[in-house]
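Reviewing the structure listed below.
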Amino acid sequence: MIIVTTVEKLETEIANARSKMKSIGFVPTMGALHAGHIELVKRSVSENDYNVVSIFVNPTQFNNASDLEKYPRNIEADALLLEEAGCDLIFAPSIDAIYTESEKNYRFEFDFEGLDTVMEGKFRPGHFNGVVQIVSKLFTFVKPHRSYFGEKDFQQLAIIHLMTKKLEFDIQIIDCPIVREPSGLAMSSRNERLTTSQRKTAASISKILFESKQSVTNRLPLELKNWVENEIAKVDELKLEYFEIVDANTLQIINNWSVASVGCIAVFCGEVRLIDNIRY
């Protein structure tokens, strides 16, 4: 396994792999890797000949400077995990290797076709513009055959599918299931910022979501939404930002169970913002 920090070196290594007719798998990350990330990498390794993981904390998708500053970083530990998982190349660029000064300071524009008007898009304005900005760049650099994303970031995944189609990338996007801790808490790099007691508290999020599935037959979506909100409110140290039940394809709020649906939630546990979702 090698670590490269420049686009030029990355493209040279990718060209070499392609010249040998190797299929390219790609997992974009912001580092602080956990078992959920490693499952994505292992899936990539099982399905491709040459596997690339990017580690880049992308400043343009943070609308909170404090959140960006506090985002955990540990490239040494990440590299050990990735080598063990079978990764061939880590792309760990600096901000200046990715963005010009003008790119750092203007909002990347993209037609999200309404996918950005609810949930994360509503509460984190500009977030998905930054996501599309960086992922489109990484796709252009790596040119993978397949790229792997976790379903925990359900709205982001829907937007990645849309971006891939609209920008005509010849890349297969692979959706991978949420990986959870034994408590049920969805694995996230942000979990590292939770205290031991907070981790136990945060497990209530998934517990309530799992329990909500039992009520689909006797509650309308709005009634179930209210029930989940009330249950979260009962848990000390949890503060709900949003819970929405939406069409799994359009991400628009639904009034009945006539379409495939997913419940998406964002909750603060102390100062740590956590997201999760569940399919109904």
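Yes or no, residue by residue, for (1) over 17 Å from the mean Cα position of the chain (by Cα); (2) in a loop (DSSP other than H, G, I, E, B); (3) surrounded by 14 or more Cβ atoms within 10 Å (Cβ to Cβ); (4) at pLDDT 95 or above:
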| site | (1), (2), (3), (4) |
| --- | --- |
| ARG219 | yes, yes, yes, yes |
| LEU222 | yes, no, no, yes |
| GLU229 | yes, no, yes, yes |
| TYR242 | yes, no, yes, yes |
| THR250 | yes, yes, yes, no |
| VAL267 | no, no, yes, yes |
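Check LEU157, LEU167, LEU162 and return the single one that is closer than 21 Å to VAL57 by Cβ and among the hydrophobic types (A, V, I, L, M, F, W, C). Outline the logic, then answer.
Values: LEU167 fails: closer than 21 Å to VAL57 by Cβ; LEU162 fails: closer than 21 Å to VAL57 by Cβ.
Just one listed residue meets the conditions, LEU157.
Given the structure, is LYS213 touching a residue at least 40 places away in the same chain (Cβ under 8 Å) and either in the same structural domain as HIS127 (by TED's automatic domain parsing) or not in a loop (DSSP other than H, G, I, E, B) (or both)?
Working: touching a residue at least 40 places away in the same chain (Cβ under 8 Å): yes; either in the same structural domain as HIS127 (by TED's automatic domain parsing) or not in a loop (DSSP other than H, G, I, E, B) (or both): yes.
Answer is yes for this residue.
If ILE55 meets every condition in (1) surrounded by fewer than 21 Cβ atoms within 10 Å (Cβ to Cβ); (2) aliphatic (A, V, I, L, M); (3) in contact with a Ser or Thr (Cβ under 7 Å, 6 or more places away or on another chain) apart from one, which number is that one?
The single condition ILE55 does not satisfy is (1).
Residues that are within 23 Å of LYS9 (Cα to Cα), of a type in the set (Val, Ile, Thr), buried (at least 18 other Cβ atoms within 10 Å of the Cβ) and modelled with pLDDT of 90 or more: does segment 86-97 have at least one? Walk me through it before giving the result.
Looking only at segment 86-97, we keep the residues that are within 23 Å of LYS9 (Cα to Cα), and these are 86-97.
After this cut, where a residue has to be of a type in the set (Val, Ile, Thr) as well, the list is 90, 95.
The next check asks that each one be buried (at least 18 other Cβ atoms within 10 Å of the Cβ); those that pass are 90.
Subsequent filtering for residues that are modelled with pLDDT of 90 or more retains 90.
Among the residues of segment 86-97, at least one is within 23 Å of LYS9 (Cα to Cα), of a type in the set (Val, Ile, Thr), buried (at least 18 other Cβ atoms within 10 Å of the Cβ) and modelled with pLDDT of 90 or more, which makes the answer yes.
Any residue at all in segment 228-236 that is in contact (Cβ under 8 Å) with a residue 12 or more places away in the chain, closer than 15 Å to ILE265 by Cβ and either of a type in the set (Gly, Ala, Ser) or in the same structural domain as HIS145 (by TED's automatic domain parsing) (or both)? Walk me through how you get there before you give the answer.
Of all residues in segment 228-236, those in contact (Cβ under 8 Å) with a residue 12 or more places away in the chain come to 228-229, 231-232, 235-236.
From what's left, closer than 15 Å to ILE265 by Cβ: 228-229, 231-232, 235.
Keeping just the survivors that are either of a type in the set (Gly, Ala, Ser) or in the same structural domain as HIS145 (by TED's automatic domain parsing) (or both) gives none.
No, that holds for no residue.
Only one residue in LYS166, LYS207, LYS200 is under 23 Å from the mean Cα position of the chain (by Cα), surrounded by fewer than 18 Cβ atoms within 10 Å (Cβ to Cβ) and not assigned by TED's automatic domain parsing to the domain that holds GLY270, so which one is that?
Values: LYS207 fails: not assigned by TED's automatic domain parsing to the domain that holds GLY270; LYS200 fails: not assigned by TED's automatic domain parsing to the domain that holds GLY270.
Of the residues listed, the single one that is under 23 Å from the mean Cα position of the chain (by Cα), surrounded by fewer than 18 Cβ atoms within 10 Å (Cβ to Cβ) and not assigned by TED's automatic domain parsing to the domain that holds GLY270 is LYS166.
Give ALA35, ALA15 a once-over and let me know the one that is free of Cβ contacts under 8 Å to residues at least 40 places away in the same chain, surrounded by fewer than 16 Cβ atoms within 10 Å (Cβ to Cβ) and among the aliphatic types (A, V, I, L, M).
ALA15
Checking the structure you have, find out if any residue of segment 107-116 is in contact (Cβ under 8 Å) with a residue 60 or more places away in the chain and either over 30 Å from SER23 (Cβ atoms) or not in a helix (DSSP H, G or I) (or both). So that I can check it myself, show each step before the final result.
Just the residues of segment 107-116 that are in contact (Cβ under 8 Å) with a residue 60 or more places away in the chain, to begin with: 114-115.
This time we only want the ones that are either over 30 Å from SER23 (Cβ atoms) or not in a helix (DSSP H, G or I) (or both), so: 114-115.
There is at least one residue in segment 107-116 that is in contact (Cβ under 8 Å) with a residue 60 or more places away in the chain and either over 30 Å from SER23 (Cβ atoms) or not in a helix (DSSP H, G or I) (or both).
Starting from residues that are more than 8 Å from the chain's Cα centre (by Cα) and farther than 21 Å from VAL45 by Cβ, keep the ones in segment 144-163 and report whichever is surrounded by the fewest Cβ atoms within 10 Å (Cβ to Cβ). Before you say what the answer is, go through the steps one by one.
Residues of segment 144-163 that are more than 8 Å from the chain's Cα centre (by Cα), as a first pass: 144-148, 155, 158-163.
Next cut, farther than 21 Å from VAL45 by Cβ only: 155, 158-159, 161-163.
Details: GLN155: 23, ALA158: 20, ILE159: 24, HIS161: 15, LEU162: 18, MET163: 22.
Among those residues, the one meeting the criterion is HIS161.
Give me a count of the residues in segment 1-56 that are in a helix (DSSP H, G or I), more than 26 Å from ARG180 (Cβ to Cβ) and either under 24 Å from the mean Cα position of the chain (by Cα) or not hydroxyl-bearing (Ser, Thr, Tyr) (or both). Spell out the reasoning first.
Pass one, segment 1-56, residues in a helix (DSSP H, G or I): 7-19, 35-47.
Filter once more, so that each one left must be more than 26 Å from ARG180 (Cβ to Cβ): 7-19.
In the following step, the residues that additionally are either under 24 Å from the mean Cα position of the chain (by Cα) or not hydroxyl-bearing (Ser, Thr, Tyr) (or both) were identified as 7-11, 13-18.
Qualifying residue count, segment 1-56: 11.
Give the number of residues within segment 137-173 that are among the acidic types (Asp, Glu) and under 20 Å from ILE278 (Cα atoms).
Here is the first cut: in segment 137-173, the residues among the acidic types (Asp, Glu) are 151, 153, 168, 170.
From what's left, under 20 Å from ILE278 (Cα atoms): 151, 153.
Going through segment 137-173 one residue at a time, the tally reaches 2.
From the list SER23, SER46, SER66, which residue is surrounded by fewer than 19 Cβ atoms within 10 Å (Cβ to Cβ) and either farther than 22 Å from ILE171 by Cβ or assigned by TED's automatic domain parsing to the domain that holds VAL272 (or both)?
On the way: SER23 fails: either farther than 22 Å from ILE171 by Cβ or assigned by TED's automatic domain parsing to the domain that holds VAL272 (or both); SER46 fails: either farther than 22 Å from ILE171 by Cβ or assigned by TED's automatic domain parsing to the domain that holds VAL272 (or both).
Going through SER23, SER46, SER66 in turn, just one is surrounded by fewer than 19 Cβ atoms within 10 Å (Cβ to Cβ) and either farther than 22 Å from ILE171 by Cβ or assigned by TED's automatic domain parsing to the domain that holds VAL272 (or both): SER66.
Among the numbered criteria (1) over 19 Å from PHE169 (Cβ atoms); (2) crowded, with 18+ Cβ neighbours inside 10 Å, which single criterion is violated by PRO28?
Evaluating PRO28 over (1) over 19 Å from PHE169 (Cβ atoms); (2) crowded, with 18+ Cβ neighbours inside 10 Å leaves (1) as the failure.
The values are calculated or read from the model by the stated rules, or taken from the named source; none is laboratory data. Here the structure is a predicted model, which is why all the values come from computation and not from measurement. Cβ: placed from backbone, ideal geometry, glycine included. Neighbour counts: every protein chain shown.
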